[in-house]
Structure formats: structure tokens, C-alpha cells
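Have a look at the structure below, then the notes.
The values are calculated or read from the model by the stated rules, or taken from the named source; none is laboratory data. Treat the numbers as computed from the prediction; the structure is a model and nothing was measured. Here the Cβ positions follow ideal geometry from the backbone for every residue, glycine too, while neighbour counts run over all protein chains shown. What goes into the accessible areas is simple: the full protein's heavy atoms, side chains included, and nothing from ligands, DNA or RNA. Shrake-Rupley method; radii C 1.70, N 1.55, O 1.52, S 1.80 Å.
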Amino acid sequence: MKAEKELIKFTKRGIYCPQGKFYLDPWYPVEYAIISHGHADHARWGMKRYLCQDDSKAILQHRIGADIKIDSLPYNKSKTINGVKVSFHPAGHVIGSAQIRLEYKGYIVVFTGDYKTQPDFISQPFESVKCHTFITESTFGLPIYNWKTEKELQEELQNWVKTNQANNRTSVFLGYSLGKAQRLMSLLDGCDDIYVHRAIHNLNNAISNSGIKLPKTTLLTADFDKKELQNKIVIMPPGLLGSRLLKRVPNAATAICSGWMQIRGNRRWQSVDAGFAVSDHADWNGLISAVRASEAEQVYVTHGSQAVFSKYLNEIGIKADELITEYGDDKMIEAENESENLETS
Ligand SMILES: [Zn+2]
Ligand SMILES: [Zn+2]
């Protein structure tokens with residue numbers, strides 16, 4: 001079927017829908033951008049108009065600007081834009097993350113943005129959507145990636161905290177302010193008091209103010225009381241590894257939480273005490289099950305292991321092509337974290 005060529009075009013600015021006259025997560029400023037979720041490589045500055053899922057609205061306003069022109073829709077409700085039916089469906093990646101479904105003259109395209117098929121305690125669980133063309137991410141598109149269940153992770157993280165407490169150590173988790181931080185809060189809820197860095201605290205406030213309930217946390221002020229913090233839990237962005245703030249934490253045991261931790265000896269993170277494979281993305285089996293459930297006749301594989309994953313899909317009889325995009329791995333999110341001037345806040 002040629003129709004999909006007419007419904008989406010891969011351009012220099014991003015994935016474009018000519019009929020609808022809008023882009024999906026464009027990487028350069030455009031008139032009208034439909035956004036899958038609030039991470040910096042997907043929700044960028046400078047669009048004349050934004051459309052996102054309801055729970056992402058406050059996140060985008062917080063990160064891009066309170067004065068942006070932005071509309072939102074709940075999950076599974078559609079809006080027709082220039083004859084194209086547009087709807088958002090849970091992607092299970094971070095709060096507010098959505099797959100974007102487009103329908104035009106009976107032809108359906110689904111753009112996943114980032115997604116995770118395994119349910120967690122905080123984001124709306126992934127729902128598969130049938131379509132003709134499925135555009136999937138592939139961040140962890142290698143067979144070595146295979147996540148634990150949320151229950152298993154919870155036990156692992158809480159046990160680590162308990163061991164630290166027995167040794168009179170304060171548990172410090174390093175995780176990005178959008179996604180990983182709220183996930184860690186939900187995994188550690190009830191274990192002990194959780195202190196969060198100001199970047200996380202401010203984002204949490206924006207999320208809570210939009211009506212989403214988050215686990216209870218306390219702001220880690222710059223002049224925190226060392227005695228009060230002793231043996232507690234702290235969550236801060238990874239950009240603060242090696243910072244003065246972290247050095248002041250009494251007897252800190254540090255942990256990095258990332259899907260990359262599944263591979264041992266990740267050299268970058270040798271200075272931390274522990275690594276936990278907590279990922280916001282689908283693992284190998286999750287990606288395959290999502291592709292199969294879409295029943296798509298054409299799959300495009302974007303950021304991550306697109307060469308390996310698209311080759312594998314073709315081998316199992318699913319027509320797939322690589323699609324080069326400018327969605328980042330974690331690099332852009334890190335750059336953003338650094339630019340937030342974390343030390344002074
Ligand atoms: Zn993301
Ligand atoms: Zn992404």
C-alpha cells in the first residue's frame with residue numbers, strides 16, 4: 001500500500017504528516033508539533049503550537065516555558081486535524097508518555113515515541129495499538145536486554161537501602177529528573193524518608209499541581225542538615241555525580257539506575273557503589289511483542305539498535321526498515337541536566 005507514503009514523510013525537521021500539516025516530535029522549530037512525551041530529545045523548544053497528552057502538558061510548560069501555545073488530549077480520545085484523526089495511547093515510558101496514532105482514509109500509522117511494555121507503579125501501562133505502519137524506538141534492541149519485574153526491582157532496591165542503613169550509610173540514587181526520579185520514588189515509597197534534589201522537586205511540583213499523585217518526598221536544600229539526612233534516601237540527577245553537594249551527603253552509598261547497567265563494567269560509572277538495571281524503555285522481548293501486537297505491514301525502527309533490530313524483524317518475516325532520526329540516547333538528557341546548573345540550585 002502506497003498510502004503511508006502520503007500520510008507520513010521523513011523530513012529534515014522530523015516526521016511530517018502532509019495532510020495534517022503537523023510534525024511528530026520534530027527536532028527543529030515548526031508550526032505545529034505533536035509531542036509524545038516530555039524528554040528533551042522529543043519535546044523541543046521553539047514550536048509555534050504544541051499538542052500532547054494531558055499528563056504531559058504541565059511537564060512541557062515547566063521544561064519549555066509557561067507561555068508556550070499548548071493543547072492536550074486525554075489518552076484514547078481523538079482530535080481531527082485537517083482531516084487526520086489524531087489520538088494518544090499509553091506508552092508506559094514516563095508520566096504522560098504516549099504513542100501517537102494517526103488515521104487518514106482508513107490508513108493507520110502509530111509512532112511510539114519511547115515506550116516500555118513492562119508495567120511499573122507510576123506510569124499508565126503500555127497499550128498496544130493495531131496499525132498499518134508502526135514506527136518503533138529500539139534503545140535496548142539487543143537480545144541481552146531483559147528486565148526484571150517491578151516487584152523484583154523493588155525488592156532489590158529496598159534491600160540495598162536496608163544494607164546501607166545497617167552500615168550507617170545514606171543511599172543516594174542517581175536518576176534523570178523526568179521519569180527515573182518518579183519511578184525510583186514509587187519503588188522506594190514506604191522504605192524510608194526520600195529527599196529529592198531541587199530539579200526533581202520542581203518538576204514533581206509541576207506534575208502534582210496538574211493533579212497526579214506522587215509519593216511523598218522532601219526537598220534536599222543546599223544547606224541540608226547532615227544528621228537529619230543520615231541513613232535516609234536521596235534522589236538526584238546523574239549530573240551531580242562528583243559534585244560538592246553529593247560530597248556533603250554523610251557516608252553516601254551511590255547507585256546509578258539505568259538499563260545500561262545490565263552490561264557489567266560500564267566504564268563511565270565505575271565511581272558509583274551500585275548499578276541497577278532500571279529502564280524506561282522496552283527490553284528485547286518487549287520490543288518484539290509490541291511490534292507483533294501492532295500487526296503492522298511496515299515497521300520503521302528509530303533510535304537505538306535500529307540496524308540489529310530491523311534486521312531481526314525482517315528475518316522473522318516482518319518488513320522493517322531503519323529510520324535515522326535525531327532522537328538521542330541519554331546524551332541530550334544529560335546535556336540538559338548539566339545546563340540546569342544543578343550545583344547552585
Ligand atoms: Zn524518553
Ligand atoms: Zn527517546
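Quick one: which strands (runs of 3 or more DSSP E) lie wholly within the range 100-181 and hold at least 2 residues that are touching a residue at least 12 places away in the same chain (Cβ under 8 Å) and not assigned by TED's automatic domain parsing to the domain that holds residue 285?
Per the criteria, 170-174.
Name the residue that is nearest to residue 87 (Cα to Cα), counting only residues in the range 1-26 that are crowded, with 18+ Cβ neighbours inside 10 Å and touching a Gly at 6+ places or on another chain (Cβ under 7 Å).
Restricting to residues being crowded, with 18+ Cβ neighbours inside 10 Å and touching a Gly at 6+ places or on another chain (Cβ under 7 Å), the top hit is 24.
For residues in the range 56-97 being part of a helix (DSSP H, G or I) and open to solvent by less than 50 Å² (accessible area, probe 1.4 Å), which is farthest from ligand 2 (Cβ to nearest atom)?
58
Before we move on, is residue 204 open to solvent by less than 50 Å² (accessible area, probe 1.4 Å), assigned to a loop (DSSP other than H, G, I, E, B) and outside the structural domain of residue 54 (by TED's automatic domain parsing)?
Taking the combined requirement at face value, the residue does not satisfy it.
Being part of a strand (DSSP E or B), in contact (Cβ under 8 Å) with a residue 60 or more places away in the chain, within 16 Å of ligand 2 (Cβ to nearest atom) and not assigned by TED's automatic domain parsing to the domain that holds residue 211, is that true of even one residue in the range 37-55?
Checked against the condition, which is being part of a strand (DSSP E or B), in contact (Cβ under 8 Å) with a residue 60 or more places away in the chain, within 16 Å of ligand 2 (Cβ to nearest atom) and not assigned by TED's automatic domain parsing to the domain that holds residue 211, the range 37-55 yields no hits at all.
Any chance the range 240-249 includes a residue that's open to solvent by less than 40 Å² (accessible area, probe 1.4 Å), closer than 24 Å to residue 162 by Cα, modelled with pLDDT of 95 or more and in a loop (DSSP other than H, G, I, E, B)?
The answer is yes, given that some residue of the range 240-249 is open to solvent by less than 40 Å² (accessible area, probe 1.4 Å), closer than 24 Å to residue 162 by Cα, modelled with pLDDT of 95 or more and in a loop (DSSP other than H, G, I, E, B).
In the list 210, 186, which residue meets the criterion of being modelled with pLDDT under 95, within 24 Å of residue 55 (Cβ to Cβ) and surrounded by fewer than 22 Cβ atoms within 10 Å (Cβ to Cβ)?
Matching residue, one of 210, 186: 210.
Output the residue which, of all residues in the range 129-164 that are surrounded by fewer than 19 Cβ atoms within 10 Å (Cβ to Cβ) and farther than 18 Å from residue 185 by Cα, is farthest from ligand 1 (Cβ to nearest atom).
Residue satisfying both the conditions and the ranking: 163.
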